[in-house]
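*Asks:* One structure follows; several queries about it will come next.
The values are calculated or read from the model by the stated rules, or taken from the named source; none is laboratory data. As the structure is a computational prediction, the values presented were derived from the model and not from experiment. FYI the Cβ positions are ideal-geometry reconstructions off the backbone, even for glycines, and counts take in every protein chain you see. What goes into the accessible areas is simple: the full protein's heavy atoms, side chains included, and nothing from ligands, DNA or RNA. Shrake-Rupley method; radii C 1.70, N 1.55, O 1.52, S 1.80 Å.
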Amino acid sequence: MGSFTTHHLRAHDRTRSPVQRFGALRTCITEFAPYGFRATYHHLCRSAGIPPEPEMDSEAVVRAVEELNAAREVWLVQFREWQVRRRAQKAAGMRIPTPPEPRRQLWYPDPEFHPAEPLTAVMPRILRAPSGSLTECPVCGAGYGTKSWHDGFTAHLLCAGCGASLAGRPTKPAPGVEAARAERWKLVWKRQV
């Protein structure tokens, strides 16, 4: 598998078929997914207007990959600054990085419940999120409350404003819930919702 940059270029390559360009976008999402793969995929498909058949609007893939790349650039600026500080810390014998590596993502377990804003607007808030468990949502702040959501294996406590997972606890598999979530994901994957 190539790097994000390689697949970013492939998504722009008009000599490739729209399906191949869409495949390059999906690979970019595996490399950088601010909401987790599924929620980032859903967000980009919705924000760029990618139709069920990529041939219907081949430029939608370019819009999606550019939005993802812009968010990645926001993260890379902070990550590169952190790398410089970390090298100095290692040279000084510090084994634990202070501060920790900048967050690349928050977990959005429900692929259809995530911020509607562009990724570049949300990425700085993700970067400011503290590491570890969250007591309040760093994306939309306090005041929206929480809601529960179950994926069939984990009971999640989500921010009611944007869907970020604030906490989760493993549960026994729930076959009915798991099957319903899997069916819904198939519709998201095919860009039918």
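*Asks:* If r is the Cβ-Cβ distance from Ala180 to Thr146 and R0 is 25 Å, what FRET efficiency results, to the nearest 0.05?
*Replies:* On the way: r = 22 Å, r/R0 = 0.86.
Efficiency, from the Cβ-Cβ distance: 0.70.
*Asks:* Let me cross-check Ser17: its accessible surface, 1.4 Å probe, with only protein heavy atoms counted, in Å² to the nearest 10?
*Replies:* 50
*Asks:* Based on the Cα coordinates of the range 66-119, what is the per residue volume of their convex hull in Å³?
*Replies:* Values: hull volume 4.6 nm³, N = 54.
Given the Cα convex hull of the range 66-119, per-residue volume reads 86 Å³.
*Asks:* Given an 8 Å cut-off on Cα distances and at least 6 residues of separation, report the relative contact order of the range 36-156 as a percent. Walk me through the numbers on the way to the answer.
*Replies:* Numbers: 99 pairs, mean separation 34.2, N = 121.
It comes to 28 percent, rounded to a whole number.
*Asks:* Could the peptides 24-36, 56-68 be put in order, highest first, of the mean number of other beta-carbon atoms found within 10 Å of their residues? Walk me through the intermediate numbers first.
*Replies:* Numbers: 24-36: 20.6, 56-68: 19.1.
Ranking the peptides 24-36, 56-68 by packing returns 24-36, 56-68.
*Asks:* On the principal axes of its Cα set, how long, how wide and how thick is the chain? Give whole Å, largest value first.
*Replies:* Result, largest extent first: 54, 43, 29 Å.
*Asks:* Evaluate the Kirkwood expression for the hydrodynamic radius of the range 139-184, namely the inverse of the mean inverse distance over all pairs of different C-alpha atoms, and round to one decimal in Å.
*Replies:* Result for the range 139-184, one decimal place: 11.2 Å.
*Asks:* So for the pair Thr15, Arg169, with labels modelled 7 Å out along Cα→Cβ, what separation do we get in nm?
*Replies:* Inter-label distance under the simple model: 5.7 nm.
*Asks:* Here is a further query. Would you grab the residues whose amide H sits under 5 Å from the one on Ala167? Only those 5+ places off in sequence or on another chain, please, with H modelled 1.01 Å from N.
*Replies:* Result for Ala167 returns Leu157.
*Asks:* As a test question: what accessible area, to the nearest 10 Å², does Lys90 have when a 1.4 Å probe is rolled over all protein chains in place?
*Replies:* Surface accessible to solvent at Lys90 totals approximately 130 Å².
*Asks:* OK, next. How large is the convex hull of the C-alpha atoms of the range 1-95 per residue, in Å³? Please report the intermediate quantities before stating the final value.
*Replies:* On the way: hull volume 10.2 nm³, N = 95.
Cα-based convex hull of the range 1-95, divided per residue, equals 107 Å³.
*Asks:* How big is the C-alpha Rg of the range 43-143 next to the rule-of-thumb value 2.2 N^0.38 Å, as a ratio?
*Replies:* On the way: Rg = 17.0 Å, N = 101, 2.2 N^0.38 = 12.7 Å.
Relative to the rule-of-thumb radius for its length, the range 43-143 sits at 1.34.
*Asks:* Which three extents, in angstrom, do the Cα atoms of the range 1-52 have along their principal axes, listed largest first?
*Replies:* 29, 25, 12
*Asks:* Output wanted: per-residue J couplings in Hz (rounded whole) for the range 4-11, from phi through Karplus 6.51 cos²θ - 1.76 cosθ + 1.60, θ = phi - 60°, x for Gly and Pro.
*Replies:* Listing the rounded values in order: 4, 4, 4, 6, 4, 5, 5, 5 Hz.
*Asks:* Hey, another quick one. Modelling each spin label as a point 7 Å along the Cα-to-Cβ direction, I'd like the Met56/Ser133 distance in nm, to one decimal.
*Replies:* Distance between the two pseudo-spin positions: 4.4 nm.
*Asks:* Between Lys90 and Trp189, what is the label-point separation in nm under the 7 Å Cα-to-beta-carbon projection?
*Replies:* Each label point lies 7 Å from its Cα, and together they span 3.8 nm.
*Asks:* Counting just the Cα atoms, what span does the range 108-193 cover along each of its three principal axes? Round to the nearest Å and put the largest first.
*Replies:* Cα extents, longest axis first: 36, 29, 21 Å.
*Asks:* Could I ask something else about it? In the range 27-136, carbon and sulfur make up what percent of the accessible area (probe 1.4 Å)? Mind showing how you got there, number by number?
*Replies:* Values: 3020 of 5630 Å².
C and S atoms contribute 54 percent here.
*Asks:* Reported to two decimal places, what Rg/Rh ratio describes the range 92-154 when computed on Cα atoms with Rh from the Kirkwood expression? Let's see the in-between values first.
*Replies:* Working: Rg = 14.5 Å, Rh = 14.0 Å.
Taking Rg over the Kirkwood Rh, I get 1.04.
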